[in-house]
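Working notes, structure below.
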Amino acid sequence: MSAILEKHNTTKSPKVQNLWEIALSEGFPIALWQLPKTVEKQLIIDLSGRTSRMKVDLEEMPSGFVMSPFQGESLFIKNDLYYCFDTDNQQVNDTTVEQEVFEKQYLVYSDGIINTEKPSQIHPYFNSEKKNFEQYNETIFSEMVSNAITSIKKGEVQKVVLSRTKNIILPDTFEVIEAFKKLCVIYPNAFVSLVYLPEYQCFWLGATPETLVSMDKDDKFRTMSLAGTQSAIGESGGILSINEIRWTHKEIEEQAFVSRYIIECFKKIRLREYYESGPKTVQAGNLMHLRTDYIVDTQALNFPQLGTVMIELLHPTSAVCGMPKVPALRIIAEQELHDRAFYSGFLGPVNVQKESHLFVNLRTMKIIGNQATLYAGCGITEDSIPLKEWSETEMKIQTLMRVIL
């Protein structure tokens, strides 16, 4: 790796931006992230030049970063090179030996082994029949919501989550790495990530508040039910206190659907020993949500595979899909005009520093060239009001607009 660093005239202890620019220019897959309530920024680079596709198995997978779509195969960025930086942008992990190993590996790649060919077939995440790039507007989205409410009242489904996109042209001053840094500052309680997929020349940038599955060094499993949305901004323009938030029946029921879904997943595997905390009001940037946390001691239960098992059971959760799952998926396919791609899928580090943290990919945008596609969704129940659901998606889109314009 030092050969690459010398080639780009940087030091042996480069900063985040140095490494990002080097990997980008070399065409390597990259993942950069900051975990919730931490200050360290972590980065991995896959020196193969291509992401791989594999089934997510936390016990068997090598160290790396997973990008899984709403539906379809997961992409994997292998951890060939790992860096961790503190708040002063100083490297805090010792990679001297690793740099020597990767320098040799890079020399092998540079001799022609690296695969630089473009995929012979465009991946389905970016090759759907849905090629409608027209902007959603209030009328179109409200009609979608009304159709979903009709399906609910007919008894076809209890809840369905509909999403929309907003396409914007990025300003000439936009820098994706700076946008990532801003998100880290603005949303310290979120999982902030920036991923580059060279096969498709696209970036995914986001700040999600929702954990799907987490396994820490002590073999503690964690997940959460997160739903219900209100603005955290009061009439005076300041942040409301949590005690000032009042939840409607619709919002409480929406979050309860997700909690029941998680408990049903536990029941399927006869898991009875878990800790449940909530629901409670939590702040996520400019928004408030209802959240219930679940913790399981997998070591005490001798169940090390729980994380992998729960990924298969949970995804896609009722927070991004609906209940029951099959009819909800059908309604989503019928009503939405866009590809979700990696929106409402999951992403995060796997077996990095002996921990795995996967998050639902919310508050996210896809960047190709100078165009960004922002995604937002809302849970529809029988009590939903179409115009209010539109307003909810607008609030969620503002999460990322704050770092663009």
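Any read-out appearing in this document is the output of simple, stated calculations on the displayed coordinates, not a laboratory observation. Treat the numbers as computed from the prediction; the structure is a model and nothing was measured. Reconstructed Cβ throughout: ideal geometry from the backbone, glycine too, with neighbour counts over all protein chains shown.
Worth pointing out:
- DSSP bridge analysis restricted to the chain gives an antiparallel fraction near 100%, rounded to the nearest 5.
- Note on the chain: dipole from Cβ charges, positive end direction compared against 347, 364, 332; the farthest Cα belongs to 332.
- Here the spin labels are modelled as points 7 Å beyond Cα on the Cα-Cβ line, and at residue 402 and residue 354 they lie 3.6 nm apart.
- Net charge of neighbours whose Cβ lies under 15 Å from the Cβ of residue 322, counting Lys and Arg as +1 and Asp and Glu as -1: -1
- Segment 310-405: relative contact order as a whole-number percent, Cα under 8 Å and 6+ apart: 19 percent
- Ranked list, fewest to most other Cβ atoms within 10 Å of each Cβ, for 30, 177, 242, 45: 242, 177, 30, 45
- Where labels lie 7 Å past Cα in the beta-carbon direction, separation of residue 267 and residue 177 in nm: 5.1 nm
- Helix content alone sets the calculated 222 nm mean residue ellipticity of the chain: runs of n ≥ 4 DSSP H residues at -39500 (n - 2.57) each, divided across all residues, give -9000 deg cm²/dmol.
- Over segment 133-401, relative contact order from alpha-carbon pairs under 8 Å, at least 6 apart, %: 33 percent
- Protection proxy ranking of 295-302, 368-375, 218-225 - average other beta-carbon atoms within 10 Å, highest first: 218-225, 368-375, 295-302
- The chain: C-alpha gyration tensor shape, a/c 1.5 cut-off, then a/b vs b/c: prolate
- Between segment 29-91 and segment 351-405, the alpha-carbon center distance in angstrom: 20 Å
- Label-to-label distance, residue 186 versus residue 334, with points set 7 angstrom from Cα along the beta-carbon direction: 3.7 nm.
- Full-stretch length increase - residue 312, residue 86 - with 0.36 nm per residue and alpha-carbon distance subtracted: 78.0 nm
- Dipole magnitude (debye, nearest 20) for the chain, charges at Cβ of Lys, Arg, Asp, Glu: 720 debye
- Zone residues, segment 371-405, relative to residue 233, backbone N less than 17 Å from point 7 Å out along Cα-to-Cβ: 390-405
- The ranking of 273, 199, 21 by Cβ neighbour count inside 10 Å, starting from the fewest, reads 273, 21, 199.
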